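Participant: Starting off with a structure, shown below.
Laboratory data are not the source of any read-out in this text; all were calculated from the coordinates shown. Since the structure is predicted, the reported quantities are computational estimates derived from the model, not experimental observations. Please note: Cβ atoms are built from the backbone with ideal geometry, for glycine as well, and neighbour counts cover all protein chains shown.
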């Protein structure tokens, strides 16, 4: 893997971790406020985290030289 891909992958993994932490904070705030349902923004944050994790996984794949 080229160095620039490795750097981007590492940054994406860090962003995914930050999104995960933010989702946990949102859940904790909802519980502390007596909420019984998932906060709407927690769902969006989780979807974004999954997309970022998917992008990082794609950059982790070996380069097979295929352009199509």
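Participant: Expressed as an acute angle from 0 to 90° and rounded to the nearest 10, what is the orientation of the C-alpha long axis of helix 3-32 relative to the principal long axis of the chain?
Facilitator: Its long axis makes an angle of about 10 degrees.
Participant: Just rank 8, 19, fewest to most, by other beta-carbon atoms within 10 angstrom. Show your work: numbers first, answer last.
Facilitator: Working: 8 15, 19 20.
Lowest count first: 8, 19.
Participant: Here's another thing I want to ask about it. Going by how many other beta carbons lie within 10 Å of each one, how would you line up 58, 45, fewest first?
Facilitator: 58, 45
Participant: Over the chain, what number does the Rg to Rh ratio reach, with both radii from the alpha-carbon atoms and Rh per Kirkwood?
Facilitator: 1.18
Participant: Right, another one. Per-residue ellipticity at 222 nm for the chain, helices alone: DSSP H runs ≥ 4 residues times -39500 (n - 2.57), over residue total, nearest 500 deg cm²/dmol?
Facilitator: Rounded to the nearest 500, it is -26500 deg cm²/dmol.
Participant: While we're on this one: Please determine, in degrees from 0 to 90 and to the nearest 10, the orientation of helix 40-60 with respect to the longest principal axis defined by the Cα atoms of the chain, where the helix direction is its Cα long axis.
Facilitator: 20 degrees
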